[in-house]
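Q: Could you have a look at this structure, given as structure tokens, before my questions?
We did not get these values from a lab; they are worked out from the coordinates using the rules stated. These numbers were taken from a predicted model, which means no experiment stands behind them. Backbone-built Cβ (ideal geometry, glycine too); neighbour counts: all protein chains shown.
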Amino acid sequence: MPELKVLLAGTDERDLTKLDEYRAIGGYDGVPKARAMTPQAFDTIGDEGPEFTLLMARRMTSGNVVLLGEIPFDNKLMKRAFDRLEEQGHG
């Protein structure tokens, strides 16, 4: 499983369940950029493209969920998302 080795590379040296360790490897680096993104309306997503799509959303401090955008199609990412949904009991 070479993909798993790449995914877990460097995790033997760090306990990534600890917040400081996660931050030390760059965890959360994208959060300020994501918070600065302007929410979009669902109707801004084009009607062309594959049958299934992944969307990025943000849960605001109010609890409302806003759309940030559509993720370009990636077969591996899509499979991972489907697997996660199945793990949660969907499907």
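Q: Tell me whether region 66-77 contains one or more residues that are among the basic types (Lys, Arg) and surrounded by 10 or more Cβ atoms within 10 Å (Cβ to Cβ).
A: Residues of region 66-77 among the basic types (Lys, Arg): 76.
Applying the additional criterion that residues be surrounded by 10 or more Cβ atoms within 10 Å (Cβ to Cβ) yields none.
No, region 66-77 has no match at all.
Q: Continuing with this model, one more query. Just the residues that are of a type in the set (A, V, I, L, M, F, W, C) and assigned to a helix (DSSP H, G or I), please, taken from region 60-87. Working first, answer last.
A: Applying the first criterion (of a type in the set (A, V, I, L, M, F, W, C)) to region 60-87 yields 60, 65-68, 71, 73, 77-78, 81-82, 85.
Passing the criteria: Leu77, Met78, Ala81, Phe82, Leu85.
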